[in-house]
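Here is the structure we will look at.
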Amino acid sequence: MEKLKVGLIGLGQVAESHLDGYREVDSVEVVAGAEVREDRLRKMVAAWGFKGYTDYQEMLEKEDLDIACILTPPLSHREITEKVAEHGVHILCEKPMTITLEDAGAMIETCESKKVKFCYGASYRFLPACRKSKEIIQEGTLGKITLLMEVFVGGSGAHQWKDLGPNFYPAGTPGGGGMGLVDHGIHLIDLFRWITEKEITYVAGRGNFTGGSPGSEFLTMIFENGTVGQLVYNDATYASDLPNEGSFSWGGGWDISGHLLPKGSWDAHAGSIRIHGEKGALRVFHYANMLFLSTEGRQVQIRVPDRPMPSQFALQLESFAKRIGEGKEPEVTGTDGMKALQVLLAGYESFETKRIVEMKPLD
């Protein structure tokens, strides 16, 4: 079978993790990459051997691509999506989908009009421990899910904290640090919807803004069946975890300060997701690739496939390529990305209005 040709737009740090994963996918070949920083472009071309461009539009014109992976900051996603769609190239777009619901809707409409498939980069759905968790939940092992939660608190203090800057999120708009509500929590909003297979009906929250002072962030989500989802973040303080609470991480991942950890390294503050049901609970170490089940009278470790980070990027692209070949919609669509963004922005609205926000159907 002929391999699908892939081009990357944006060759920052996350591109290296994507490329590490893509080496596992037999059905695709990365043939080109575009990056405006010439020094970064030279480095990536030398390391990975694809053809490099400083202008992604030139890449689209000269390369016969099947898939373009948009790995640039969210501020640029709408413009790039529209340009890629004009060339009839299918799109895999990193999270967050964009920065406004208007832009997200326009991206979906453009892709539909050009008959281009749009895959939203909700890579947490493809982490083996997360996928196994959903399987256990579907089997009924936990009973009705009552609470899903992630708490990620730490860093190097407010004096060393930096937000991602206006190239990612415009000054004065929802933004903040790389491990905060906007840039990280967006993963969990989507993951909680996917795991529960329920829609979010009410939201309350508080988040940081680009160019503002850091503070504690939270998002409380009430699902249509009464399940509660809770996210709590602060990446501008210090961790209160104790030494015995750390672990070796089978997969790579990002620490609370946004630094990439290599596979098999010690993670003193390993991120985890807690899922509680009426009959049991799960502790999901999504990057460390470990899963623990607690039920009445027992606590056990559940084996998960040995494909930790960065293999979620491989599994994501593998799935997208397969769906393209079958003429089907991607596992994760633009509507999924838009819904996650809608929930995120509702959290900011709730803090501004001092009210719980009811989620409305997307137009």
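The values are calculated or read from the model by the stated rules, or taken from the named source; none is laboratory data. Because the structure is predicted, anything quoted here is derived from the model rather than measured. Note that we place each Cβ from the backbone using ideal geometry, even for glycine, and neighbour counts take in every protein chain shown.
Numbers for the structure displayed
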read-out	value
From the options V332, V300, V343, V357, residue that is assigned by TED's automatic domain parsing to the domain that holds I136, among the hydrophobic types (A, V, I, L, M, F, W, C) and at pLDDT 95 or above	V300
Restricting the range 257-284 to residues that are more than 16 Å from G246 (Cβ to Cβ) and among the small types (G, A, S), the residue that is modelled with the lowest pLDDT	G258
Whichever residue in the range 307-332 is outside any helix (DSSP H, G or I), in contact (Cβ under 8 Å) with a residue 60 or more places away in the chain and out of contact with any strand residue (DSSP E or B) (no Cβ under 6 Å at 6 or more places or on another chain) and, among such residues, is surrounded by the fewest Cβ atoms within 10 Å (Cβ to Cβ)	E329
Selection within the range 252-278 - under 19 Å from the mean Cα position of the chain (by Cα), part of a strand (DSSP E or B) and either among the polar types (S, T, N, Q) or buried (at least 18 other Cβ atoms within 10 Å of the Cβ) (or both)	G253, W254, L261, I273, I275
Options I108, I136, I80, I91: the member that is within 17 Å of A15 (Cα to Cα) and either among the basic types (K, R) or in a helix (DSSP H, G or I) (or both)	I80
Residues of the range 185-200 classified as surrounded by fewer than 24 Cβ atoms within 10 Å (Cβ to Cβ) and within 12 Å of T220 (Cβ to Cβ), total	1
Hey, A47 without any contact (Cβ under 8 Å) to a residue 60 or more places away in the chain and either under 27 Å from G325 (Cβ atoms) or in contact with a strand residue (DSSP E or B) (Cβ under 7 Å, 6 or more places away or on another chain) (or both) or not	no
Which numbered condition K339 fails, given (1) closer than 27 Å to S216 by Cβ; (2) surrounded by fewer than 21 Cβ atoms within 10 Å (Cβ to Cβ); (3) under 21 Å from the mean Cα position of the chain (by Cα)	(2)
Condition met for S156 (hydroxyl-bearing (S, T, Y) and at pLDDT 95 or above)	no
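This table checks each residue for (1) farther than 19 Å from D336 by Cβ; (2) touching a His at 6+ places or on another chain (Cβ under 7 Å).
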residue	(1), (2)
A129	yes, yes
G140	yes, no
P166	yes, no
M179	yes, no
D190	no, no
W194	no, no
G211	yes, no
